[in-house]
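The values are calculated or read from the model by the stated rules, or taken from the named source; none is laboratory data. Being a predicted model, the structure only gives us computed values, none of them experimental. Glycine also receives a Cβ, built like all others from the backbone with ideal geometry; neighbour counts cover every protein chain displayed.
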Amino acid sequence: MEKKRVVIKIGSSSLQHPETGKIDFLKMERLVRELCDLRNRGLDVCLVSSGAIAAGRMFMGIKELPMHIAKKQACASVGQARLMMTYQKLFAEYHQTAGQVLMTKNTMLDHVSRKNAQNTFEELFALGVIPIVNENDTVSTYEIQFGDNDTLSALVASLVSADLLILLSDIDGLYTDDPHSHPDAELIENVDVIDETLLHMAKESTGSDVGTGGMATKLTAAKIATKSGADMIIANGKDAGILHRIFEGNYVGTLFHSHYDEDFYISDFIEETL
Ligand code: GLU
């Protein structure tokens, strides 16, 4: 697969041990190694990583769920810093530099903020840095939050004019039905048009209950990415090795083909849809 700039989104469930909810360092290490290898192939790489709230909750030993908003934000404050500390350490082992970019809906809606963010990303790529993006959960309340990193990663892909967005999920891709309850459900390998039938299938199939993104948010992400001129792939994040397999054309997943739409404006889409 010939690509120049890729955005990769990893969900909380792919970064933690399901039994304890604690960070799975082996998975995180493999992910970082794969990302560094993509950099070494000459690609601009951007990671959108969830897991701040979960990491903070674990570190603070908070058992109760659901948490009220201020507590979630406090957990994000602690967790985001810890997450970055771990990423920095792992990236340094492979001689790569990671930078942190935290965004809210306003970053995308406000023309000046959006332009600033775009310039920052360009500069980071020019410096060879791998930006690690998350929502600024500590300050983003209901009015200004995206809520899920599927949508955020698609907006980032659009902002940086990426040619590929990869959503690493806890499922192999988009199925015709919920594969947990319908073993005969089939994986859809290629999507050219996001139509009503597909939206219906997405409603039927499930996502994880750890992160916030289900299949419906992944289709919203696919709309944003493909209209912005990027292909989008949903693949299983249980083994980060899927990343090099994607570039070798040997992977299991769902590929949404890009259809650049010159009338697609991010800020209009956010205001109308999100
Ligand atoms: N921004 C949230 C976090 O880092 C996660 C959102 C999501 O899972 O989509 O904890």
Subset of region 24-78 [touching a Lys or Arg at 6+ places or on another chain (Cβ under 6 Å) and among the β-branched types (Val, Ile, Thr)]: 45, 48, 53
Which numbered condition residue 245 misses (of (1) more than 20 Å from residue 34 (Cα to Cα); (2) at pLDDT 95 or above): (1)
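Matching residues to (1) more than 16 Å from the ligand (Cβ to nearest atom); (2) among the charged types (D, E, K, R):
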{"position": "162", "(1), (2)": "yes, no"}
{"position": "165", "(1), (2)": "no, no"}
{"position": "181", "(1), (2)": "yes, no"}
{"position": "222", "(1), (2)": "no, no"}
{"position": "239", "(1), (2)": "yes, yes"}
The one condition in (1) within 25 Å of residue 13 (Cβ to Cβ); (2) at pLDDT below 95 that residue 196 fails to fulfil: (1)
Some residue of region 19-29 being in contact with a Leu (Cβ under 7 Å, 6 or more places away or on another chain) and among the aliphatic types (A, V, I, L, M): yes
Flag for residue 49 being within 12 Å of the ligand (Cβ to nearest atom) and at pLDDT 95 or above: yes
Pair list, Cβ under 6 Å, 6 or more apart: region 73-92 residue free of Cβ contacts under 8 Å to residues at least 24 places away in the same chain, other residue within 11 Å of the ligand (Cβ to nearest atom): 75/53; 75/56; 75/57; 78/56
Cβ-Cβ under 7 Å pairs, at least 6 apart or on other chains, region 242-268 side farther than 29 Å from residue 104 by Cα and basic (Lys, Arg), far side at pLDDT 95 or above and surrounded by 13 or more Cβ atoms within 10 Å (Cβ to Cβ): 245/251
Test result for residue 19, touching a helix residue (DSSP H, G or I) at 6+ places or on another chain (Cβ under 6 Å) and more than 14 Å from the ligand (Cβ to nearest atom): no
Unique match (being more than 16 Å from the ligand (Cβ to nearest atom) and either closer than 30 Å to residue 252 by Cβ or touching a Cys at 6+ places or on another chain (Cβ under 9 Å) (or both)) among 169, 158, 153: 158
Residue 234 vs. criteria away from the ligand (no atom under 12 Å from the Cβ) and either at pLDDT 95 or above or not in a loop (DSSP other than H, G, I, E, B) (or both): yes
Among (1) without any contact (Cβ under 8 Å) to a residue 12 or more places away in the chain; (2) over 29 Å from residue 258 (Cα atoms); (3) of a type outside the set (A, V, I, L, M, F, W, C); (4) surrounded by fewer than 16 Cβ atoms within 10 Å (Cβ to Cβ), the one test that residue 2 misses: (2)
Subset of region 97-110 that is part of a helix (DSSP H, G or I) and of a type outside the set (S, T, N, Q) - its residue that is nearest to the ligand (Cβ to nearest atom): 105
Count - residues of region 123-143 that are hydrophobic (A, V, I, L, M, F, W, C) and either within 13 Å of the ligand (Cβ to nearest atom) or more than 28 Å from residue 5 (Cα to Cα) (or both): 3
Verdict on residue 7 being touching a residue at least 40 places away in the same chain (Cβ under 8 Å), under 23 Å from residue 123 (Cα atoms) and in contact with a Cys (Cβ under 7 Å, 6 or more places away or on another chain): yes
For residue 83: the one exception among (1) within 11 Å of the ligand (Cβ to nearest atom); (2) surrounded by fewer than 19 Cβ atoms within 10 Å (Cβ to Cβ): (2)
